[in-house]
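Readers should treat all values here as calculations from the given coordinates under stated rules, not as data from a laboratory. Bear in mind that the values here come from a model prediction, so they are computed numbers and not experimental data. With ideal geometry, Cβ positions are generated from the backbone for all residues, glycine too; neighbour counts draw on all protein chains shown.
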Amino acid sequence: MGRLVMKFGGTSVATIERIQNVARHVKREVDAGNEVAVVVSAMSGKTNELVGWATEASALHDAREYDTVVASGEQVTAGLLAIALQALGIQARSWLGWQIPILTDDAHASARITGVEGGEIIARFKNAKEVAVIAGFQGIHKDSGRITTLGRGGSDTSAVAIAAAIHADRCDIYTDVDGVYTTDPRVVPKARRLDKVAFEEMLEMASQGAKVLQVRSVELGLVHNMPVFVRSSFDKPEDIDPHGMPPGTLICSEEEIVESQVVTGIAFSKDEAQISVRHIQDKPGVAASIFGPLADASINVDMIVQNVSEDGKFTDLTFTVPASEFTRAKDTIAKAKAKIGYTKLDTATDVAKVSVIGVGMRSHAGVAAKAFAALSERNINIRAITTSEIKFSLLIDAAYTELAVRTLHTLYGLDQA
Ligand code: ASP
Ligand code: MG
């Protein structure tokens, strides 16, 4: 017997029929003797519609009221699933964020969870064998008593937070893909599903553009060491052996991964823009004069590359921002020109970032060198390089993204046999 959180995304609860299918998945686990808390998203498309309504009512709306509106999608699916479960003879009760409560800060529309009270859910497991059906995506800010939401895709984060609070053995994320792949299968048909991926790797993959899970949910998994299993909700519940492990990807701690693969996956993003600040003084405070104003404007800077100057006087600095922030970033730097003291800005928006990720890099030398050689053979120019312990990222011309990803995927032995 175990304790599970089962999370179902929007496509899995898109219709009443699919909600009934979800109920059978839950029943399967209950029948196998597990204590189950379910976390649901809104029906697919619903949150977009609600966001649209809020914006239509007024483009500049109060974020607290936005949350009141968009949180409603999950209330509907939580209630419907509880009904569907009861119809199968399973004790079930729905819970909204404020009822649990899932406590958050007051950053409306992108609130962070500060605490989850799991006691009542556990008590009901024990006393009534009751399944808890919890509305994802939402919480409550205690001091104001207002409903909050956790940012788009936030029900993944709700699920992991609940799993930690009720001391679940595992958090299963049922979604419309059957796991995490070595790279995007639409770009590389030979991409493989990973059996296991370390939290740190998944964080890199998720923030590098792989869209399976909300990044914060992976952070929470890491902090609480809560194994997260990504699996398909379209498998027929009756076909699944509750005692075996179905296809999917387990996101877990590095220690549990024994395979010897050096590279785990390749992520890429075309949503990048490059800004190079030319001929700045090589002295304390110059980097701060560039990134301070960007931070004040809430612009997320990603790669930062600065050269060591030859003469100790002048250097160049290059950084990347999301393409959508490019104009704002450029204007911000231009406004600070006098303070920064550069000669000119060189920019490019037709660039892409390709990242090679793997915890195996900690203990292997020469991993990146192989990539440089392989890309040069294909005549792909590298504009900038950054590295961390378990990742290196290359900025290249966007036109070469697919070729670069495929080349690296083959190079590191990730292609499916
Ligand atoms: N329904 C919310 C959204 O679409 C939360 C989620 O699905 O995770 O963003
Ligand atoms: Mg999602």
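Between the stretch 5-76 and the stretch 294-362, how many Å separate their Cα centres?
38
Mind listing the long-range amide H neighbours of residue 39? Cut-off is under 5 Å, sequence gap 5 or more, other chains count too, H placed in the peptide plane at 1.01 Å from N.
Correct list: 6, 7, 8, 134.
By per-residue mean of other Cβ atoms within 10 Å, what is the highest-first order of 314-320, 160-166, 87-93?
160-166, 314-320, 87-93
Excluding residues on the same chain fewer than 8 positions from residue 339, give the lysines whose Cα lies under 21 Å from its Cα.
Those lysines meeting the cut-off are 283, 313, 330.
Measuring from label point to label point, each 7 Å out along Cα→Cβ, what is the residue 365 to residue 310 span in nm?
About 2.9 nm separates the two model spin labels.
Which ³J(HN,Hα) values, rounded to whole Hz and listed in residue order, are derived for the stretch 282-295 from phi using the Karplus coefficients 6.51, -1.76 and 1.60 in 6.51 cos²θ - 1.76 cosθ + 1.60 with θ = phi - 60°, glycine and proline given as x?
8, 8, x, x, 6, 4, 4, 5, 8, 7, x, x, 5, 5
GNM, the chain, Cα, under 10 Å: largest mean-square fluctuation among 63, 123, 267?
Result for the chain, Cα springs under 10 Å: 123 fluctuates most.
Comparing 311, 331, 282, which has the greatest mean-square fluctuation in the GNM of the chain with Cα pairs linked when under 10 Å apart?
311
Between residue 298 and residue 261, what FRET efficiency comes out of the Förster formula 1/(1 + (r/R0)^6) with R0 = 45 Å and r the beta carbon distance, rounded to 0.05?
0.75
Given a Förster radius of 30 Å and the C-beta distance between residue 346 and residue 195 as r, what FRET efficiency does 1/(1 + (r/R0)^6) yield to the nearest 0.05?
The calculated FRET efficiency here is 0.10.
For the stretch 3-255, what proportion of DSSP beta bridges, expressed in % and rounded to the nearest 5, is antiparallel?
If I count the DSSP bridges inside the stretch 3-255, around 30 percent turn out antiparallel.
Could you calculate the contour length gain from residue 336 to residue 64, that is, 0.36 nm times the residue separation minus the distance between their Cα atoms, to one decimal place in nm?
Result for the pair: 94.5 nm of gain on full extension.
Say R0 is 60 Å: what FRET efficiency, to the nearest 0.05, do residue 112 and residue 377 get from their beta-carbon distance?
0.85
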